[in-house]
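Worksheet: one structure, shown below.
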Amino acid sequence: MKFKEHREAYSYPFVALTGTLGQHNHIEFDTSSELDAYHHQLLRSTRDEQSVLGYLSVLYWGHYSTSKGTTNRNRALSKVQAAIYGSNIIRKGVKSRRRGLVDLPPGQAARLIREAITLVDSARYGEAIRVLCALPQLKFAFASKILAFVSPSTCGVIDSVIAEKNPEFGFKLSGKYVSTVLQNFQHYEKYCALLLAKAKALNELGTAAHWVDRDGQSHSWRALDVERAFYGG
């Protein structure tokens, strides 16, 4: 089964951040299942600092590998620092500043994450994406990465790689990125429903169709697993 092969070939680095917001450290996992569980636990933590660390960790993970397949830890760390402290940008000769967590009211980042979780748990996936886009350094694709770890059974990542490979999904791109136009939030609702339906169909085939992680353990399909098969397909 090609779909199963694509999921098992998924090899994006299983890296994350541990520690605190002020003193975080690199950590690696042996399997994607361990990475998923780690980020899921952090993001859904009732402790503000842990849930915000989860968001920063996903940001780190998502920037750790370049489009050419090489790894760049310093690039990933710089994105995390920009999310915390903000960053200066120059566009068409005009200097401006992108805000960071230090510019937000205390506790707002955690509140936004919890609001998104409440929306996801009510199957309002597009609205959850919109809420998360208010966090520093998050646009559509990275907001979907957060949701994929918050609810791997119902959500998946949508980035330019998947959008370009699967134009039938209907996502509009702005340059190399998934645009934040209204219709994309609506398409994300349909996308999650598609992932969930595909996961259900695969699970109905029985354990023989389950995918196998790097440690040899087999797993039933979730929306996130279907997305990763699309990514590698």
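The values are calculated or read from the model by the stated rules, or taken from the named source; none is laboratory data. Since the model is a prediction, treat every value here as computed from it, not as a measurement. Heads up, the Cβs are rebuilt from the backbone with ideal geometry, glycines too, and the neighbour counts pull from every protein chain shown.
Below are the figures for this structure:
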quantity: Failed criterion for Ala128 (all others in (1) modelled with pLDDT under 95; (2) on the phi < 0 side of the Ramachandran plot hold); calculated: (1)
quantity: Any pair with Cβ under 8 angstrom, 6 or more apart, that starts in the stretch 19-42 at a residue that is free of Cβ contacts under 8 Å to residues at least 12 places away in the same chain and ends at one that is polar (S, T, N, Q); calculated: Asn25/Thr18
quantity: Extreme residue, farthest from Val15 (Cα to Cα), among residues of the stretch 71-109 that are among the hydrophobic types (A, V, I, L, M, F, W, C) and part of a strand (DSSP E or B); calculated: Val94
quantity: Test: Thr180 is touching a Cys at 6+ places or on another chain (Cβ under 7 Å), surrounded by fewer than 17 Cβ atoms within 10 Å (Cβ to Cβ) and within 24 Å of Trp61 (Cα to Cα); calculated: yes
quantity: Some residue of the stretch 56-76 being in contact (Cβ under 8 Å) with a residue 40 or more places away in the chain, buried (at least 16 other Cβ atoms within 10 Å of the Cβ) and over 17 Å from Lys145 (Cβ atoms); calculated: no
quantity: Filter result for the condition that a residue is in a loop (DSSP other than H, G, I, E, B), among the aliphatic types (A, V, I, L, M) and without any contact (Cβ under 8 Å) to a residue 24 or more places away in the chain, over Ala134, Ala208, Ala123; calculated: Ala134
quantity: Flag if Ala37 is modelled with pLDDT of 95 or more and more than 22 Å from Ala128 (Cα to Cα); calculated: no
quantity: Some residue of the stretch 202-212 being crowded, with 23+ Cβ neighbours inside 10 Å and either within 17 Å of the chain's Cα centre (by Cα) or of a type in the set (Val, Ile, Thr) (or both); calculated: no
quantity: Counted residues, the stretch 83-120 - those being free of Cβ contacts under 8 Å to residues at least 24 places away in the same chain and touching a Pro at 6+ places or on another chain (Cβ under 6 Å); calculated: 0
quantity: Flag if Asp36 is charged (D, E, K, R), within 16 Å of Leu224 (Cβ to Cβ) and crowded, with 16+ Cβ neighbours inside 10 Å; calculated: yes
quantity: Residues that are of a type in the set (Val, Ile, Thr) and assigned to a helix (DSSP H, G or I), drawn from the stretch 1-58; calculated: Val52, Val58
quantity: Residue satisfying all of: in the stretch 87-101; among the aliphatic types (A, V, I, L, M) and modelled with pLDDT under 95; surrounded by the most Cβ atoms within 10 Å (Cβ to Cβ) among these; calculated: Ile89
quantity: Qualifying residue in the stretch 145-160 (condition: of a type in the set (Ser, Thr, Tyr), in a helix (DSSP H, G or I) and modelled with pLDDT under 95); calculated: yes
